[in-house]
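Quick notes on the structure that follows.
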Amino acid sequence: MESFESERAPLPRNMIENSMFEEEPDVVDLAKESPSYPIDSDDVVYEPRSSRLLVRGLGENDMDEEEEDYESSARLLGMSFMNRSSNQRSASSSYTRQQPSGSCSMPSAKKTVAGILVLIIVASIAMVIYFLPRCTFSKDGCHKANSSMERIYPVASNGELFPWTDLRLPNSVRPVQYELWLFPNLTTMTFQGNVNITMVVMQGTKKIVLHSSDMKILKATFQGKEVKILEYKPWQQIAIKFSEELKKGQQYVLNILYTASLSNSYDGFYNSSYIDTTGKRRVLAATQFEPLAARKAFPCFDEPAFKASFLIKIKREAEYISLSNMHKTKTTNLPDGFFEDEFEKSMNMSTYLVAFIVANFSCLSANVSNTLVSVYAVPDKKDQVHYALKTATELLQFYNTFFEIKYPLSKLDLVGIPDFLAGAMENWGLITFRETTLLVGNHSSPIDKQLVTSVIAHELAHQWFGNLVTMRWWNDLWLNEGFATYMQYMSIETKYPELDIDNEFLNVRFRAMAKDSLNSSHPVSSKVTTPEQVEEMFDSVSYEKGASILLMLNATLSEKAFQKGVIEYLRNYRGGNTENEDLWSSLSQVAGRSINVSQMMNTWTVQKGFPLVTVNKIGKQVKLTQEHFLLNADNATNHSNLWHIPLTYVNDTCSNSSSCKQVFLFKDKVATLEVSDSVKWLKFNYKNEGFYIVDYGENGWKDLINALNANVSVLSHEDRASLINNIFALSRLGKVSFRQVLNLFAYLHNETETAPLTEALTQLNHILRLLEKRSDLLLVSRMAVYITEHFGDLMDSQSWGEETSVSKQALRSALLETACSLNRPNCTEQAKSLFDQWIASNKTKVIPGDLLRAVLSVAAQSEDGWTELLDTYKHSIYDSEKRKTLEALASTQNVRKIVWILKAALEGSEIQTPELPLVISTVCRHFAGHLYAWDFVKENWDKLTQKFPIGSFPLQSIIMSTTSQFSTKMHLEEVEQFFGSLKDRGSQMRSIQEATETIKLNMRWMDRNLATLRTWL
Ligand SMILES: [Zn+2]
């Protein structure tokens, strides 16, 4: 999946185990329960924990090499049960067994005692009968029977025992093929489904467990005979129990007939709608399954490792077309007036990559190396697909050559979906996009094209990384997302150098380091079990840090070797599933003996955070030390982390070309380098290709600052941006004073390049916003003066006409947006004038796309301007224009309008709900709306979590936008109190830890630096 700018991938709502633990317990003491349900030998026993080992010894056969994965949730369940049971037992004696309904007369005391005695005797006999045969024949013999042993099975929705006790599915049965028939009704917004699942038995078992959610099962047959389906809703699982064992190696067919509603959220098989240019509401049905929502569209084994082939048929009305992963092979005109489309059998693939769409779309196609590439959009926007088609065909050819494996399907569709939450989704052969990330109109700027190209490059890379080779489980999501993100930048840099994507990738690395410097971060490869944990993996660490460490490895191995290793990896594992180590072993084969890829890269993927390298140069000797760069070091859990750092450096004699770069593999806590006597200064982390921060010590910084003051171009622009980024980070950590930061800034008078200037501006704007939110008006105005002193000339010298260089556009928009937000007259007057000309031309005069946000945001501050813009938002068919208009609307300082826009985006009536995270983050940037947005989030929390699942990226973004600018104790307490009160409604989210940690850091920064700011500004 691809994020959408700051609003990353949306994830489906899933079962909430936490809430399950609060419910009436689903616990049955089998010792008391009549054993009317056949229990397989692979049943799991909990409490005491050791009893699980006992069962394994007794010939459990569903537990295989992946049992360790299952253990964590088993532990979770077991532990939660134990905690809960001890609490509840003391609170309520009726806890362990639920009374059958109807038997509610109160028994007398005597009867009760007698009853209990009888029960104890029956229970004892049952236990003896139950355990004797199993332990008698086990190789471990009979362990001491534990009288307190209890088996914990969930209770299925029909009241029977559900025969599985884990969030992960058993491995005893694997799907081979799904034949899926679907009939969506776009009037009633429901659909009918019929699925035949052919499966093979891997280990003899008496049950089949798979996923299903939110559907009504009408009938199920197994090998043609009707069977009973048991459902355990909290885990979205269904099961069938058999009296006879299913034999290893045999294939069986399960058929399920069902109905369901088209989802109203943005996952599963969902309904989407839009207003066309005639004002009519149009509807369509589309899918979004990653990570856990295929189960909402059809019963399936919904884990990435259960790959199978798919044969899909869709029945539809005449006015729509249907699309799926594969080519359509046949359309039948049915007697009832409907049509039925049949699609080619797919390759083996994971369920989260299945997709289908029923809609009225137009398309444009082209043929590339025997693959038919088509771009689909709603009819009103059919003229906006040309750029995407050209880009997709070129990039497909590029990847075909680069990976040396041809894209394996005969078609590739790219579809712009109105009302889509993620940036895009890489469904195999049927990639879905937000319209903004696919469509390019006449008014789109080069920066808009850069975005569209990036998203297409990302999704196309997934056709190999993710689709052809898939991570085994979501803990290694980075193998999909880190790689696709890395390939997106690499391919664009090679294929479209004019898009200046390297600046964007540098920003991505800075952003990833900022996230990863917090205690709330996590290792790139992290163990995940619950749906919320899976959702939370779609974050900056998986995408951006993942891509950053691949860049570092590429720079270390050389481009050629890296490419060879990647090809090796794809060849070795095509069609299969992989883990971290599989990638490293492929890359090790090309790395030569000098470097142990696996050892080196594990230090970057299995521990969180990254290193701070401190340099102390005394004469020829350069002493290096490494430590964990952790902003909130007070709570550090482990100070002894070490990384294998492929340290690079240049010096004053040769500093501005890759041939100057020297490399040193820094593996220990301390090391010493020797350099020539004549070396005046050193710059480490050449072009910031490594994922670490460097502190040069007071003298080292002074030397670098002097060198830059003498000649800016002594270092590459990436190195200059890297120095600015690092010194700010070090000031946050308290390693350098803010005075030193300002010393470095003195050189900016001579800076002209985009990367260092935008990095400096970003950092200063961040401080300005924090001061603004503290209502420290004096310091705010002094900071504004400081910014205009340093950037004013550049701001005033920017042109307001068309600009073709992406890099210059990026700089211009950053400078002018800041200038106008600081009410710099040169800026606001120009903006007003452009807006007036635009209105006078009936919105036909083109405002350069990169200036649109600055211009419209100035206009949105007046009543008339805001009304005009709202009208533009409603009627524009150009999505990039529409989105910038929305940002302008949300930048209003008028409280009444702020309240309206927040509400409208939440309701999704006049403003589409996927834009809510953008609306909130824009509102929060400004003083007027900041606290309103925070109140809005608190008041509407339940509605927000209905729209955006707990843990999902939109929710992560909303939490951080509303809280990350607080820097007072009062706000910290308020944030802690609110999120603490949520309990199972999201209080465990990692982004909440991130929020409180960020506020504490802001408080600390203010304590340390307010005095300096007052003196120096
Ligand atoms: Zn992706």
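Summary of computed values
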item: Close pairs from the range 913-926: first closer than 14 Å to F420 by Cβ, partner polar (S, T, N, Q) and not in a helix (DSSP H, G or I), Cβ under 8 Å, at least 6 apart; result: P917/S6; L918/S6
item: Residues of the range 918-935 classified as open to solvent by less than 30 Å² (accessible area, probe 1.4 Å) and more than 10 Å from K773 (Cβ to Cβ), total; result: 10
item: Condition met for T603 (at pLDDT 95 or above, closer than 30 Å to N519 by Cβ and in a helix (DSSP H, G or I)); result: yes
item: Residue count for the range 491-503, restricted to those that are part of a loop (DSSP other than H, G, I, E, B) and either among the hydroxyl-bearing types (S, T, Y) or within 11 Å of the ligand (Cβ to nearest atom) (or both); result: 1
item: Matching residues in the range 900-914 - criterion: being open to solvent by less than 20 Å² (accessible area, probe 1.4 Å) and in a helix (DSSP H, G or I); result: I901, L902, A904, A905, L906, T913, P914
item: Condition met for S542 (under 17 Å from F691 (Cβ atoms) and not aromatic (F, W, Y)); result: yes
item: Residue list for the range 470-490, filter: within 16 Å of the ligand (Cβ to nearest atom) and polar (S, T, N, Q); result: T470, N480, T485, Q488
item: Test: residue in the range 532-542 that is buried (at least 24 other Cβ atoms within 10 Å of the Cβ) and hydroxyl-bearing (S, T, Y); result: yes
item: Near pairs, Cβ below 6 angstrom, 6+ apart or cross-chain, from the range 454-483 (open to solvent by 10 Å² or more (accessible area, probe 1.4 Å)) to any residue that is aliphatic (A, V, I, L, M); result: R472/A305; N475/V528
item: Near pairs, Cβ below 6 angstrom, 6+ apart or cross-chain, from the range 336-361 (more than 25 Å from P379 (Cα to Cα)) to any residue that is among the hydroxyl-bearing types (S, T, Y); result: E344/T329; K345/S309; S346/S309; N348/S309; S350/T470
item: Leading residue by the ranking (farthest from the ligand (Cβ to nearest atom)) among those in the range 443-469 that are of a type in the set (A, V, I, L, M) and either within 18 Å of the chain's Cα centre (by Cα) or in a helix (DSSP H, G or I) (or both); result: I447
item: Single condition S594 does not satisfy, out of (1) of a type in the set (S, T, Y); (2) crowded, with 16+ Cβ neighbours inside 10 Å; (3) assigned to a loop (DSSP other than H, G, I, E, B); result: (2)
item: Cβ-Cβ under 9 Å pairs, at least 6 apart or on other chains, the range 853-865 side over 21 Å from S445 (Cβ atoms), far side surrounded by fewer than 17 Cβ atoms within 10 Å (Cβ to Cβ) and of a type outside the set (A, V, I, L, M, F, W, C); result: Q861/Q893; Q861/N894; E863/N894
item: Long-range neighbours under 9 Å by Cβ, at least six apart or interchain, first residue touching a residue at least 40 places away in the same chain (Cβ under 8 Å) within the range 997-1013, second open to solvent by 30 Å² or more (accessible area, probe 1.4 Å) and among the β-branched types (V, I, T); result: N1002/T968; M1006/T968
item: Options E997, E973: the member that is open to solvent by 30 Å² or more (accessible area, probe 1.4 Å) and of a type outside the set (S, T, Y); result: E973
item: Long-range neighbours under 7 Å by Cβ, at least six apart or interchain, first residue touching a residue at least 24 places away in the same chain (Cβ under 8 Å) within the range 797-816, second assigned to a loop (DSSP other than H, G, I, E, B) and open to solvent by 20 Å² or more (accessible area, probe 1.4 Å); result: V806/D500; S807/D500; Q809/E803; R812/Q798; R812/E803; L815/Q798; L816/Q798
item: The range 724-753: number of residues that are farther than 17 Å from F629 by Cβ and either of a type in the set (D, E, K, R) or open to solvent by less than 10 Å² (accessible area, probe 1.4 Å) (or both); result: 8
item: Flag for S517 being within 15 Å of the ligand (Cβ to nearest atom) and over 18 Å from the mean Cα position of the chain (by Cα); result: no
item: Considering residues of the range 211-247 that are among the charged types (D, E, K, R) and over 38 Å from the mean Cα position of the chain (by Cα) only, the residue nearest to F298 (Cα to Cα); result: E226
item: Inter-residue pairs, beta-carbon under 8 Å, first at pLDDT below 95 and in the range 564-591, second open to solvent by 10 Å² or more (accessible area, probe 1.4 Å) and outside any helix (DSSP H, G or I), 6+ apart; result: N580/S525; N580/V606; S588/N596
item: Verdict on S961 being open to solvent by 10 Å² or more (accessible area, probe 1.4 Å) and more than 18 Å from S775 (Cβ to Cβ); result: yes
item: Criterion violated by T432 - all others in (1) open to solvent by less than 20 Å² (accessible area, probe 1.4 Å); (2) assigned to a loop (DSSP other than H, G, I, E, B) satisfied; result: (2)
item: Residue within the range 652-664 that is closer than 24 Å to M601 by Cβ, open to solvent by less than 20 Å² (accessible area, probe 1.4 Å) and part of a loop (DSSP other than H, G, I, E, B) present; result: no
item: Looking only at the range 849-899, and only at residues there that are under 26 Å from V385 (Cβ atoms) and part of a loop (DSSP other than H, G, I, E, B), the one that is least open to solvent (accessible area, probe 1.4 Å); result: S876
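For every residue, the table says whether it meets (1) modelled with pLDDT of 95 or more; (2) part of a strand (DSSP E or B); (3) crowded, with 16+ Cβ neighbours inside 10 Å.
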{"site": "T278", "(1), (2), (3)": "no, no, no"}
{"site": "L284", "(1), (2), (3)": "yes, yes, yes"}
{"site": "L292", "(1), (2), (3)": "yes, no, yes"}
{"site": "F310", "(1), (2), (3)": "yes, yes, yes"}
{"site": "M347", "(1), (2), (3)": "yes, no, yes"}
{"site": "A366", "(1), (2), (3)": "yes, yes, no"}
{"site": "A388", "(1), (2), (3)": "yes, no, yes"}
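The values are calculated or read from the model by the stated rules, or taken from the named source; none is laboratory data. Just so it is clear, the structure is predicted and the values come from calculations on it, not from any experiment. Every residue, glycine as well, gets a Cβ built from its backbone with ideal geometry; the counts of neighbours run over all protein chains shown. Note: accessible area is taken over every heavy atom of the protein model, side chains too, but ligands, DNA and RNA are not part of it. Shrake-Rupley method; radii C 1.70, N 1.55, O 1.52, S 1.80 Å.
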